[in-house]
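Okay, structure first, notes after.
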Amino acid sequence: IVEDPSDLIVSKGEPATLNCKAEGRPTPTVEWYKDGEHVETDKDDPRSHRMLLPSGSLFFLRIVHGRRSKPDEGVYTCVARNYLGEAVSRNASLE
């Protein structure tokens, strides 16, 4: 991992980006986890408001935050994998 995500405080409805950049041979795939659970992005569901950018960063079209649910708030980590192994970024919180 050559760039770790940083903590963010974002207003609801605003866009946000959690950066993650990984290098390796072969080029690793990047996945994101929030509070230990896999994050669904537009690759899993085209209607998702979370997009996995080509760089590996996680982009939120808008932060979803309701009275009862705060699906985007939490602690995120990015994991880069190839067949030789995996690397885990440091934690970043999104509030």
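The values are calculated or read from the model by the stated rules, or taken from the named source; none is laboratory data. All values reported here derive from a predicted model rather than from experimental measurement. Using ideal geometry, Cβ is built from the backbone for each residue, glycine included, and neighbour counts are taken over all protein chains shown. For the accessible areas, the whole protein counts, side chains as well, though only heavy atoms, and no ligand, DNA or RNA atoms are used. Shrake-Rupley method; radii C 1.70, N 1.55, O 1.52, S 1.80 Å.
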- So, in nm, how far is label Arg25 from label Ala87 when the simple model puts each one 7 Å beyond its Cα toward the Cβ? 1.4
- Note on the structure: For the chain, the per residue accessible area (1.4 Å probe, Å²) is 64
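What's the magnitude of the charge dipole for the chain around its Cα centre, counting Lys and Arg as +1 and Asp and Glu as -1 at the beta-carbon? Answer in Debye, nearest 20. All intermediate terms of the calculation are to be shown ahead of the outcome.
Numbers: 13 positive and 16 negative charges, 43 e Å.
It comes to approximately 200 debye.
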- Query: Shape call for the chain from the C-alpha gyration tensor, a ≥ b ≥ c root eigenvalues: rounded (a/c under 1.5), prolate (a/b greater than b/c) or oblate?
  - Reply: prolate
- Message: Can you return the aspartates and glutamates within cross-link range of Lys12? Criterion is Cα-Cα under 15 Å, with same-chain partners fewer than 8 residues away left out.
- Response: Asp72, Glu73, Glu95
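Carbon-plus-sulfur fraction of the accessible area of the chain, 1.4 Å probe, in percent? Could you put the intermediate results ahead of the total?
Working: 2880 of 6090 Å².
C and S fraction of accessible area: 47 percent.
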- Plugging the Cβ-Cβ distance of Arg47 and Leu8 into 1/(1 + (r/R0)^6) at R0 = 30 Å yields, to the nearest 0.05, a FRET efficiency of 0.80
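Give the Kirkwood hydrodynamic radius (Å, one decimal) of the range 50-89, defined as one over the mean of 1/r across all pairs of different Cα atoms. If you can, show how the numbers build up before the last one.
Details: mean 1/r = 0.0814 Å⁻¹.
Across the range 50-89, the inverse of the average 1/r is 12.3 Å.
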- Task: Within the range 53-86, list the trypsin sites (Lys or Arg not before Pro) lying in a DSSP loop whose Cβ has at most 12 other Cβ atoms in a 10 Å radius.
- Result: Arg67, Arg68
- Heavy-atom accessible area of Ile1 with all protein chains present, probe 1.4 Å, nearest 10 Å²? 60
- Probe 1.4 Å, all protein chains present, accessible-area order of Leu53, Leu84, Leu18, largest first: Leu84, Leu53, Leu18
- Item | Cβ charges +1 (Lys, Arg) and -1 (Asp, Glu), total dipole of the range 45-95, debye | 200
